[in-house]
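These notes are about the structure you will find just below.
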Ligand code: AMP
């Protein structure tokens, strides 16, 4: 599926709560790829108080999409870092057709192309419960869920034993509704965009985390060859 001389570029598509972040982290560990989450990059910009962060803060709190210019600039910067040369999994980018076209240009400039755009297929009705129960270890970024993936010892990270768990400000019922709306209006059309380019793969993402990870791993192995 890909030119063996270029590092793989994989995209995870899916609505908020589909498990993009969880699965991207697992793929990162398994295949030595770098997870690039524009949500994480934007949250870091908000926390650092950069101009981009200041512009993005209220938009993110409302569950709307941050402007293409800001997101493309942030992603383009990160994509140029040396570690990305080993291959990347894009989590939460692109989210609009303008972003998808910008990504094609960015990759074209470095002689790379997309190996697979994997759509995580889920039912909207389950996403609110998935999102409202999730939290993250502030120390290492490992994600957890009250019902689906609790830590082995309450309030203690399985990975780094940290005890500082955080919940995202935009993981509440009203914001989730806006985020799902933004997904269907602006991001879901990318499924057709990548299908037309013959790189689309779909995975049923309603089941167990490990089962979904195994299906993704099969696709990624195929994309490596
Ligand atoms: P996420 O962590 O991917 O759920 O993203 C959290 C929020 O960051 C989204 O609801 C958007 O407000 C913003 N965001 C993240 N990635 C993008 C993107 N590619 N385009 C526009 N906004 C984004």
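Kindly provide the helix-only [θ] at 222 nm of the chain, computed as the sum of -39,500 (n - 2.57) over DSSP H runs of four or more divided by all residues, to the nearest 500 deg cm²/dmol? Each step should come with its number before you reach the end.
Details: 9 runs with 103 residues, N = 225.
The helix contribution divided over the chain gives -14000 deg cm²/dmol.
How high is the relative contact order of region 1-158, given as a whole-number percent (alpha carbon pairs under 8 Å, six or more residues apart)? Kindly include the intermediate steps, with their values, before the conclusion.
Working: 190 pairs, mean separation 55.1, N = 158.
RCO, region 1-158: 35 percent.
Springs between alpha-carbon pairs under 10 angstrom, Gaussian network model over the chain: which of 107, 190, 75 fluctuates most?
Among 107, 190, 75, the largest mean-square fluctuation in the Gaussian network model of the chain belongs to 107.
For region 175-225, just say rounded, prolate or oblate: build the C-alpha gyration tensor, square-root its eigenvalues into a ≥ b ≥ c, call rounded for a/c under 1.5, and beyond that prolate if a/b exceeds b/c, oblate if not. Write out the running numbers ahead of the final one.
Working: a/c = 3.53, a/b = 1.34, b/c = 2.64.
It is oblate, given that a/c is not under 1.5 and a/b is not larger than b/c.
What ranking, highest mean first, results for peptides 133-139, 166-172 when packing means the other Cβ atoms within 10 Å averaged over each residue?
Values: 133-139: 18.1, 166-172: 14.4.
Result, highest mean first: 133-139, 166-172.
Under 8 Å for C-alpha pairs, at least 6 residues apart: give me the relative contact order for region 131-201, rounded to a whole percent.
Numbers: 63 pairs, mean separation 18.7, N = 71.
Relative contact order here is 26 percent.
Taking Cα atoms of the chain, Rg/Rh with Kirkwood Rh, to two decimals?
Working: Rg = 16.7 Å, Rh = 17.9 Å.
Rounded to two decimals, Rg over Rh is 0.94.
Could you give me the percent of Cα pairs per 5 Å distance bin for region 107-148, shortest bin first, beginning at zero and ending with the bin that holds the maximum distance?
The calculated distribution, bin by bin, is 5, 15, 13, 15, 13, 13, 13, 10, 2.
Convex hull over the alpha-carbon atoms of region 28-129: what's its volume per residue in Å³? Don't skip to the end; give the middle numbers.
Numbers: hull volume 14.0 nm³, N = 102.
Hull volume over Cα atoms, normalised by residue count, gives 138 Å³.
Quick one: 65, 10, fewest Cβ neighbours within 10 Å first, how do they rank? Don't skip to the end; give the middle numbers.
Values: 65 20, 10 27.
The most exposed by this proxy come first: 65, 10.
Return the percentage of antiparallel bridges among DSSP beta bridges fully within region 99-225, rounded to the nearest 5 %. Write out the running numbers ahead of the final one.
Numbers: 7 of 12 bridges.
In region 99-225, DSSP labels about 60 percent of beta bridges as antiparallel.
With an 8 Å cut-off on Cα pairs and a minimum separation of 6 or more residues, tell me the relative contact order of region 80-153 in percent. Show your work: numbers first, answer last.
On the way: 26 pairs, mean separation 8.9, N = 74.
For region 80-153, the relative contact order is 12 percent.
With just the Cα atoms defining each centre, how far is region 162-187 from region 131-147? Give it in Å.
So the two Cα centres are separated by 13 Å.
Once a ≥ b ≥ c are taken as the square roots of the eigenvalues of the Cα gyration tensor of region 101-185, is the result rounded (a/c under 1.5), prolate (a/b larger than b/c) or oblate (a/b not larger than b/c)? Display every interim value, and only then the final one.
On the way: a/c = 2.49, a/b = 1.46, b/c = 1.70.
Oblate.
Starting with the fewest neighbours, write out 34, 71, 59 ranked by other beta-carbon atoms found within 10 Å of each beta-carbon. If you can, show how the numbers build up before the last one.
Numbers: 34 18, 71 25, 59 14.
Fewest to most other Cβ atoms nearby, the residues stand as 59, 34, 71.
When averaged across all projection directions, what area in nm² does the alpha-carbon convex hull of region 1-54 cover?
Its average projected convex-hull area is 5.4 nm².
Using a ≥ b ≥ c from the Cα gyration tensor of region 129-225 (square roots of the eigenvalues), is it rounded, prolate or oblate, where a/c under 1.5 gives rounded and otherwise the larger of a/b and b/c decides, a/b for prolate?
Details: a/c = 2.55, a/b = 1.40, b/c = 1.82.
It is oblate, given that a/c is not under 1.5 and a/b is not larger than b/c.
Laboratory data are not the source of any read-out in this text; all were calculated from the coordinates shown. It should be emphasised that the depicted structure is a prediction, and the values quoted were computed from it without experimental measurement. Neighbour counts are summed over all protein chains in view; Cβ atoms, including those assigned to glycine, are modelled from backbone coordinates with ideal geometry.
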